[in-house]
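Before any comments, here is the structure.
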Amino acid sequence: MKIAILGMGSVGRGLLEMIDGKELGLTVTGIADSKSALLDPDGIHIEEVLIAKRERGYCGDKSLSAADVVEQGDYDVLVEVTPTDADSGEPATGFIKTAIGRGKHVVTSNKGPIALHFSTLQSLARKHGVVIRYEATVGGAIPVLHTLEHGLAGNRVLAVYGILNGTSNFILTRMAAEGLTYEQALLEAREMGYAEADPTYDVKGIDAAIKLVILSNTIWKRNVKLSDVTITGIDMLTNDALRLAEEQHCTIRLIAEAIPEKGILRVAPRILPRTHPLVVENTLNAITIDTDMAGEITLIGKGAGSRETASACIGDLLFIKDSHARGN
Ligand code: HSE
């Protein structure tokens, strides 16, 4: 299956490394970063592109752009992994619409287009007989959307809650365990490539709220918006507050929760006993799905990181490839 990739940040590079290192049956025919692009219908030499990006800071030909890849590329699936813009969702949304209009499937890790334009993109995809998959937008490596779509099919979901931001969880863990200040821990998270291009999204609870919107609209099709979520971040949290919680055998975690029957849609720091199942460490995310038949299911896994996000994108790509092979 031929794919074109937009974005060569932490996620795009991780994805290319995994595709290069594994026999997945995926041929990359287009790649774009913010400054340049490459097109080759026979398949791009991935290792050369990764080296070029590392050594000179851009991946390909500066006279080509992401728009050229989307509009002219020879691909079956557009993989859109550029940074999230939660205000407009652009330019990613425009690229996704163009690809769908050309009859191409879409896999994305970009939360902007899905949080802002979910129903429009879904209807457009249906109209053109293609699919848009977005597992990597929520919970990093955790296959939460696959679980909801397949494993929990037929269940009524009553509530969903948990830790949806790896960076803030990493910061809280490092502050509590090592006594780092908030600024030191954030710097570390940025250096490790966990944080968003704009890390205020992580620490102000916006990233977790965006993921809660995506989960809510996927589960309940209610068309909720970011402005419907009550949001408090961890940016005002002090080492003293954490120390006080720890003295009571508790800790603080940034919890996102959606309980439609109670009108709850919020992200806020919460004090939890250290033994609580949602108290996970570092970049782990933990998501509890409460259902009528299965009861509570809690999924735990790495919520941020290059390979981890690549894992979710590859899961989506291979799902599309297998469905193609079955003629669905
Ligand atoms: N910045 C995000 C996080 C990356 O820390 O969870 C994954 O969406």
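Among the residues of the range 237-261, which ones are without any contact (Cβ under 8 Å) to a residue 60 or more places away in the chain, open to solvent by 70 Å² or more (accessible area, probe 1.4 Å) and farther than 20 Å from THR181 by Cβ? GLN248, HIS249, listed by residue number.
When restricted to residues that are under 19 Å from PRO83 (Cβ atoms) and either basic (Lys, Arg) or touching a Lys or Arg at 6+ places or on another chain (Cβ under 7 Å) (or both), the range 293-310 contains 3. When the residues of the range 266-289 are filtered to those that are closer than 17 Å to PHE170 by Cα, open to solvent by less than 20 Å² (accessible area, probe 1.4 Å) and of a type in the set (S, T, N, Q), the one that is modelled with the highest pLDDT is ASN285.
Restricting attention to the range 1-37, the residues that are part of a strand (DSSP E or B) and in contact (Cβ under 8 Å) with a residue 40 or more places away in the chain add up to 7. When we screen ALA310, ALA256, ALA304 for residues that are touching an Asp or Glu at 6+ places or on another chain (Cβ under 8 Å), within 16 Å of the ligand (Cβ to nearest atom) and among the aliphatic types (A, V, I, L, M), the only hit is ALA310. Checked against the criterion of being β-branched (Val, Ile, Thr), in contact (Cβ under 8 Å) with a residue 12 or more places away in the chain and either open to solvent by 10 Å² or more (accessible area, probe 1.4 Å) or in a helix (DSSP H, G or I) (or both), the candidates ILE219, ILE234 yield just one match: ILE219. Of all residues in the range 89-116, those satisfying the criterion of being open to solvent by less than 50 Å² (accessible area, probe 1.4 Å) and more than 16 Å from the ligand (Cβ to nearest atom) are THR93, GLY94, PHE95, ILE96, ALA99, ILE100, GLY101, GLY103, LYS104, HIS105, VAL106.
Within the range 171-210, the set of residues being near the ligand (Cβ under 9 Å from one of its atoms), assigned to a helix (DSSP H, G or I) and open to solvent by 10 Å² or more (accessible area, probe 1.4 Å) comprises TYR201 only.
Of all residues in the range 127-156, those that are more than 16 Å from the ligand (Cβ to nearest atom), under 21 Å from the mean Cα position of the chain (by Cα) and open to solvent by 20 Å² or more (accessible area, probe 1.4 Å) total 7.
The values are calculated or read from the model by the stated rules, or taken from the named source; none is laboratory data. Note that the coordinates shown come from a computational prediction; the quantities given were computed from them, not determined experimentally. A quick note on method: Cβ atoms are made from the backbone with ideal geometry, for glycine too, and the neighbour counts reach across all protein chains shown. Accessible surface areas use protein heavy atoms only, side chains included; no ligands, DNA or RNA. Shrake-Rupley method; radii C 1.70, N 1.55, O 1.52, S 1.80 Å.
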